[in-house]
1. Specify which of the listed residues (213, 245) is surrounded by fewer than 18 Cβ atoms within 10 Å (Cβ to Cβ) and part of a strand (DSSP E or B).
2. Does segment 36-46 contain any residue that is modelled with pLDDT under 55, more than 11 Å from the chain's Cα centre (by Cα) and either surrounded by 16 or more Cβ atoms within 10 Å (Cβ to Cβ) or not in a loop (DSSP other than H, G, I, E, B) (or both)?
3. Within segment 101-117, restricting attention to residues that are in contact (Cβ under 8 Å) with a residue 40 or more places away in the chain and surrounded by 14 or more Cβ atoms within 10 Å (Cβ to Cβ), which residue is farthest from residue 167 (Cα to Cα)?
4. Which of the following residues is under 21 Å from the mean Cα position of the chain (by Cα), surrounded by 16 or more Cβ atoms within 10 Å (Cβ to Cβ) and in the same structural domain as residue 34 (by TED's automatic domain parsing): 294, 334?
5. Kindly indicate the residue of segment 60-100 that is over 19 Å from residue 326 (Cβ atoms) and in contact with a helix residue (DSSP H, G or I) (Cβ under 6 Å, 6 or more places away or on another chain) and also surrounded by the fewest Cβ atoms within 10 Å (Cβ to Cβ) among those meeting that condition.
6. Considering each of 73, 90, 99, 23 in turn, give the residue that is assigned by TED's automatic domain parsing to the domain that holds residue 155 and either part of a strand (DSSP E or B) or at pLDDT 95 or above (or both).
7. Would you pick out the residues in segment 150-201 that are within 30 Å of residue 122 (Cα to Cα) and in a strand (DSSP E or B)?
8. Scanning segment 273-287 for residues that are over 23 Å from the mean Cα position of the chain (by Cα) and not in a strand (DSSP E or B), which turns out farthest from residue 320 (Cα to Cα)?
């Protein structure tokens with residue numbers, strides 16, 4: 001345990017030093033709001049949220065498809081599935097579902113679906129501030145298909161290809177992305193080192209009826225060509241490419257009690273570096289209590305501490321049901337609460 005905390009402290013110091021250097025060099029430059037597909041940055045799973053999002057080095061269940069696809073390969077059963085729903089900030093609905101199947105001598109195949117929906121609102125203009133009779137909405141969705149495989153009894157790799165679409169009213173943008181992850185269980189007290197690169201893909205650009213206009217080149221309806229079909233020139237934006245490295249280890253493990261500690265460092269392409277930390281207490285692998293802290297060292301972040309609990313019940317030999325709950329404090333944005341249910345078979 002002592003060596004684990006020494007390793008964790010050294011990693012933390014290196015990370016802080018790098019973050020401070022980055023902040024000093026680029027203190028007048030901000031990358032916030034420079035990428036599309038922001039819903040891809042919302043991490044699913046009540047267990048992961050309760051542990052402060054420090055999940056790259058944990059990733060031992062179906063939610064690994066988001067944090068580190070290599071972790072899906074370590075499930076020893078035939079497969080697993082889970083569904084996560086939450087009422088996100090500002091009454092936005094967020095849903096995530098995933099399922100995996102272990103194929104003998106091949107590896108593990110899995111699917112994932114992520115959805116974010118904004119409630120329908122009236123279209124308001126200067127002439128009609130109470131609405132002009134039309135309604136608008138917005139939605140984002142991602143469909144993923146992936147593969148993970150254990151190359152040895154301690155090392156796994158995983159990949160996921162994703163189709164991404166964002167829409168607002170009558171316009172939409174589409175893109176494709178790839179996630180890659182590795183999962184290594186070291187000989188040192190089974191310390192896990194996980195790493196992943198997510199959302200490496202194409203740029204996204206809005207297109208649709210809402211950007212189409214009729215243009216008068218000389219701004220005179222009495223001369224020249226009028227009502228020329230045209231459209232606004234839209235810019236294209238990168239996806240939120242993210243690199244994560246994480247550590248996790250059972251710092252205490254007896255017949256009935258297990259305590260897992262986890263730490264992640266994250267480097268996004270649209271913000272500065274930050275870290276997540278979490279801990280999980282398990283009693284007889286039946287009852288779980290969790291806590292964590294999100295976005296350590298991220299300036300002006302509204303995210304902070306997280307809490308949660310979970311149950312795992314054996315319905316029959318080879319069939320387990322998991323139920324998890326998590327609470328996250330978002331400061332001035334109030335809080336979010338996650339609820340998910342899953343099965344392992």
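The values are calculated or read from the model by the stated rules, or taken from the named source; none is laboratory data. Remember, it's a predicted structure, so these values are computed and weren't measured experimentally. Glycine also receives a Cβ, built like all others from the backbone with ideal geometry; neighbour counts cover every protein chain displayed.
1. Of the residues listed, the single one that is surrounded by fewer than 18 Cβ atoms within 10 Å (Cβ to Cβ) and part of a strand (DSSP E or B) is 213.
2. Looking through segment 36-46, none of the residues is modelled with pLDDT under 55, more than 11 Å from the chain's Cα centre (by Cα) and either surrounded by 16 or more Cβ atoms within 10 Å (Cβ to Cβ) or not in a loop (DSSP other than H, G, I, E, B) (or both).
3. Here the answer is 107.
4. 294
5. So, considering only residues that are over 19 Å from residue 326 (Cβ atoms) and in contact with a helix residue (DSSP H, G or I) (Cβ under 6 Å, 6 or more places away or on another chain), the one surrounded by the fewest Cβ atoms within 10 Å (Cβ to Cβ) is 100.
6. Among 73, 90, 99, 23, only 99 is assigned by TED's automatic domain parsing to the domain that holds residue 155 and either part of a strand (DSSP E or B) or at pLDDT 95 or above (or both).
7. Of everything in segment 150-201, those that are within 30 Å of residue 122 (Cα to Cα) and in a strand (DSSP E or B) turn out to be 163, 164, 165, 166, 167, 168, 171, 172, 173, 174, 175.
8. Result: 284.
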